[in-house]
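One structure below.
Laboratory data are not the source of any read-out in this text; all were calculated from the coordinates shown. All figures in this text were calculated on a predicted structure; none of them were measured in a lab. Neighbour counts are summed over all protein chains in view; Cβ atoms, including those assigned to glycine, are modelled from backbone coordinates with ideal geometry.
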Amino acid sequence: MAIVVKVGPAATQKIVTLELDIRKSLSGDLMIFDHGDIDIVLSPGKNKIVAFPKEETNDLVYGAQNRLFAFLYKRGVVVAESIRAGAFFGSFEGSMEETPSADVSAPKMALINIANFITEERPYFENTEAIISMTDDELLEPDKADSTELGDVPQRAEQGSIRPSYVRDPYSLSYMYTLY
């Protein structure tokens, strides 16, 4: 979805067009769903940016949240001291910088910088998704070199590392000899 953002004073306004998967909540928050690991919520009313994990919290999610807030901090959008864990499990939040004049809007600058961050990150999470998909394909449809047909494995009475005459004792982690 294309979003048009007007930045600067009325006389010298610049128009920026952003392509984002974005929705507006009932409270006026902007929810951005473009990133592969996190969802980003921009709250102009609370002057806050929150990053939520998409599905599960793991090292990839934490890394993406860390990179997002480092990116926003380096561009002067977020106050460094305000970056912390959010109220929702696995979320990060940070307060936006106060703007000295009415000509520059902090939420608009944050939105432009979030779009730049997602554009910069897109190759990273698309490659991650491709690797996961490739791994699934290798498991579900292996090559001829990595698989054998059902009848190609010769059958023997004793085969493998587990002997049928031994039963593992689950309580003492020792082996017990049984007769069949």
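Quick one: the Cα spread of segment 22-126 along its three principal axes, in angstroms, biggest first?
The Cα atoms of segment 22-126 stretch 39, 27, 27 Å along their principal axes.
Add +1 for every Lys or Arg and -1 for every Asp or Glu among the other residues with Cβ under 11 Å from the Cβ of residue 67, and state the total.
On the way: positive: 74; negative: 37, 120, 121.
Overall, the nearby charge balance is -2.
Tell me which GluC sites (Glu not before Pro) from segment 23-108 have a DSSP coil assignment and no more than 12 other beta carbons within 10 Å of their own.
55, 56, 98
Name the lysines eligible as straight-distance cross-link partners of residue 108: C-alpha to C-alpha under 25 Å, and not fewer than 8 places from it in the same chain.
6, 14, 24, 46, 48, 54, 74
State, as an integer percentage, the relative contact order of segment 22-126 based on alpha-carbon contacts under 8 Å between residues 6 or more apart. All intermediate terms of the calculation are to be shown ahead of the outcome.
Working: 156 pairs, mean separation 25.3, N = 105.
Computed over segment 22-126, the figure is 24 percent.
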